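The values are calculated or read from the model by the stated rules, or taken from the named source; none is laboratory data. None of these values were measured; they are calculated from a predicted model. Neighbour counts run over all protein chains shown; Cβ positions are idealised from the backbone, glycine included. In case anyone asks, the SASA skips ligands and DNA or RNA and just uses the protein heavy atoms, side chains included. Shrake-Rupley method; radii C 1.70, N 1.55, O 1.52, S 1.80 Å.
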Amino acid sequence: MLKKGEVDAASSSRLYDMEANDPLQQLVDRSGLSDADLRQINQLMAAMGRLRDAEERLSEASLKYMKLNPSDMRALHYLIVSANSGIIATPGAIAAQLQISTASTTKLLDRLERAGHVTRQPHPSDRRALAIAITPETHEAAMQTVGRQHARRFLAAARLTPTERDVVMHFLDDMAEEISVDKDSWE
């Protein structure tokens, strides 16, 4: 018997089974694929689903731990990368990175500053701009939690051979292109 919140593995894997999703082959013509190919492709789709689920759980845990929303977390990540790269982060650069308005950026920075996550200082070379920096405490907390978890992705990639990494990169880039919303009209 399943406990609350648990998912039946067999039912879950059927979510990615092409026969269950497209029995009449209206979306994908599978006539040229063997049963073994179909099984393996379905297993690959299920593995991608497990990865997405793990990433969602990681994101939810990090948001809960840091007591921040997704935009806040993305801004802090940008500030960490900027600091590590010797780049002075500005509100305009944060707005561009997050693809949000300047008004939304101001609200985001007000929220992060009130919570003690960022500081605003005069820009050293542009007196019209501000330099935004992550506080050392928030930087350390992010590195020891979210950063450590994300670093495990690097370790998984490092275990692959160069040829395997090329195949995975090609697959992921091809998948991103295939599912791009720019390809189809959703209107």
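Here are some residues: 61, 46. Which one is over 26 Å from residue 145 (Cα atoms) and not basic (Lys, Arg)? It is 46.
Does at least one position in region 75-82 carry a residue that is farther than 19 Å from residue 132 by Cα and loosely packed, with under 14 Cβ neighbours inside 10 Å? Within region 75-82 (the criterion being farther than 19 Å from residue 132 by Cα and loosely packed, with under 14 Cβ neighbours inside 10 Å), the answer is no, since none of the residues qualifies. Being surrounded by 13 or more Cβ atoms within 10 Å (Cβ to Cβ), charged (D, E, K, R), at pLDDT 85 or above and over 30 Å from residue 88 (Cβ atoms) is a condition met by no residue of region 58-69.
Hey, can you tell me all the residues within region 70-125 that are outside any loop (DSSP other than H, G, I, E, B), closer than 18 Å to residue 136 by Cβ and β-branched (Val, Ile, Thr)? 80, 81, 118, 119 - these are the residues of region 70-125 that are outside any loop (DSSP other than H, G, I, E, B), closer than 18 Å to residue 136 by Cβ and β-branched (Val, Ile, Thr). In the set 72, 35, 53, 110, only one residue is of a type in the set (Asp, Glu), open to solvent by 90 Å² or more (accessible area, probe 1.4 Å) and at pLDDT 90 or above; that residue is 35. Taken over region 134-161, the residue count meeting the criterion of being farther than 18 Å from residue 64 by Cα and more than 22 Å from the chain's Cα centre (by Cα) is 3.
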